[in-house]
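Participant: Right, I'll just put the structure down here and ask away after.
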Ligand code: SF4
């Protein structure tokens, strides 16, 4: 049963965050899982990456496949910035994906990102933040500029969801439109679509926000709701030649695995 407070698709971010800020020491991240795999989606899909999944989300999307990581009682490990950076170094990959849950709920995320962007041995890191679109991205966008200005070698990219009605009407209405103005060519907006109405919604939003000229636009199916071929048909019929169909690779490679891929 969906808890009463979650019925409208949105959780109170502060209350939810407080539940997860149970770290025994200061400045620890509540990590639900971390693993090394390949990026299943985003512009670096197919590249090996180190994943850090933070617990907790301020939303409740109908199709969420990481609901377990958002549960108030999920078991988390408290990891500090140095510990996480050391783990990434030992993973031996140059892509890092910070995901959730909702990573922008983490108050120390700027510290972690800045430290990861400073890594240059054996090579700089591509750090990707996957965010649900409802939290203010401006501080991270400013951090990206500041880190570039001082010459930190790493690259910070954003994949920002734009929730469609299939995610839930309240969830879809909670997008921070200003976030999309902060994106640039190496970033992406991801529309997870479950119907032709969602595709029309995505097309309209991308047009109105001028996404086509600013960043990449990804269309990803709600697994089991819409066939990828139907998305391709829509793209071709509507001239969406700059959109990209995206299939979640991990669901194809490891269809039974809910975690660690
Ligand atoms: S924003 Fe992402 S993690 Fe949060 S409920 Fe929606 S799909 Fe799940």
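Participant: Taking into account only those residues within the range 224-249 that are out of contact with any strand residue (DSSP E or B) (no Cβ under 9 Å at 6 or more places or on another chain) and not in a helix (DSSP H, G or I), which is surrounded by the most Cβ atoms within 10 Å (Cβ to Cβ)?
Facilitator: 238
Participant: Within the set of pairs 6 or more residues apart or between chains, which connect a residue that is at positive phi and without any contact (Cβ under 8 Å) to a residue 12 or more places away in the chain inside the range 125-154 to a residue that is within 16 Å of the ligand (Cβ to nearest atom) and in a helix (DSSP H, G or I) with Cβ atoms less than 7 Å apart?
Facilitator: none
Participant: Using the structure shown, decide if residue 171 is farther than 17 Å from residue 218 by Cα and within 18 Å of the chain's Cα centre (by Cα).
Facilitator: Considered against the rule, which asks whether it is farther than 17 Å from residue 218 by Cα and within 18 Å of the chain's Cα centre (by Cα), residue 171 comes out as yes.
Participant: Shifting gears a bit: Residues being surrounded by 15 or more Cβ atoms within 10 Å (Cβ to Cβ), away from the ligand (no atom under 16 Å from the Cβ) and assigned to a helix (DSSP H, G or I): count how many of those fall in the range 181-199.
Facilitator: Total meeting the criteria: 2.
Participant: Which residues, counting only those in the range 55-70, are within 7 Å of the ligand (Cβ to nearest atom) and in contact with a helix residue (DSSP H, G or I) (Cβ under 6 Å, 6 or more places away or on another chain)?
Facilitator: 57, 59, 60, 61
Participant: Of all residues in the range 71-81 being closer than 19 Å to residue 116 by Cβ and in contact with a helix residue (DSSP H, G or I) (Cβ under 8 Å, 6 or more places away or on another chain), which is nearest to the ligand (Cβ to nearest atom)? Before the answer, list the steps.
Facilitator: Here is the first cut: in the range 71-81, the ones closer than 19 Å to residue 116 by Cβ are 77-81.
So of that shortlist, the ones also in contact with a helix residue (DSSP H, G or I) (Cβ under 8 Å, 6 or more places away or on another chain) come out as 79, 81.
Numbers: 79: 19, 81: 23 Å.
Checking each candidate, the answer is 79.
Participant: Assess whether residue 100 counts as being at pLDDT below 95, touching a helix residue (DSSP H, G or I) at 6+ places or on another chain (Cβ under 6 Å), under 18 Å from residue 258 (Cα atoms) and surrounded by 15 or more Cβ atoms within 10 Å (Cβ to Cβ).
Facilitator: Working: at pLDDT below 95: yes; touching a helix residue (DSSP H, G or I) at 6+ places or on another chain (Cβ under 6 Å): no; under 18 Å from residue 258 (Cα atoms): yes; surrounded by 15 or more Cβ atoms within 10 Å (Cβ to Cβ): yes.
Considered against the rule, which asks whether it is at pLDDT below 95, touching a helix residue (DSSP H, G or I) at 6+ places or on another chain (Cβ under 6 Å), under 18 Å from residue 258 (Cα atoms) and surrounded by 15 or more Cβ atoms within 10 Å (Cβ to Cβ), residue 100 comes out as no.
Participant: Go through the range 116-145 and report how many residues are more than 16 Å from the ligand (Cβ to nearest atom) and farther than 19 Å from residue 181 by Cβ. Break it down into steps so the answer makes sense when it comes.
Facilitator: Restricting attention to the range 116-145, the residues satisfying the condition of being more than 16 Å from the ligand (Cβ to nearest atom) are 116-127, 138-145.
The next check asks that each one be farther than 19 Å from residue 181 by Cβ; those that pass are 116-127.
So the count comes out to 12.
Participant: Tell me which residues, restricted to the range 30-52, are at pLDDT 95 or above, crowded, with 22+ Cβ neighbours inside 10 Å and within 16 Å of the ligand (Cβ to nearest atom).
Facilitator: 30, 32, 51, 52
The values are calculated or read from the model by the stated rules, or taken from the named source; none is laboratory data. Here the structure is a predicted model, which means the values were calculated and not measured. For neighbour counting, all protein chains shown are included, and Cβ atoms are generated from backbone atoms with ideal geometry for every residue, glycine included.
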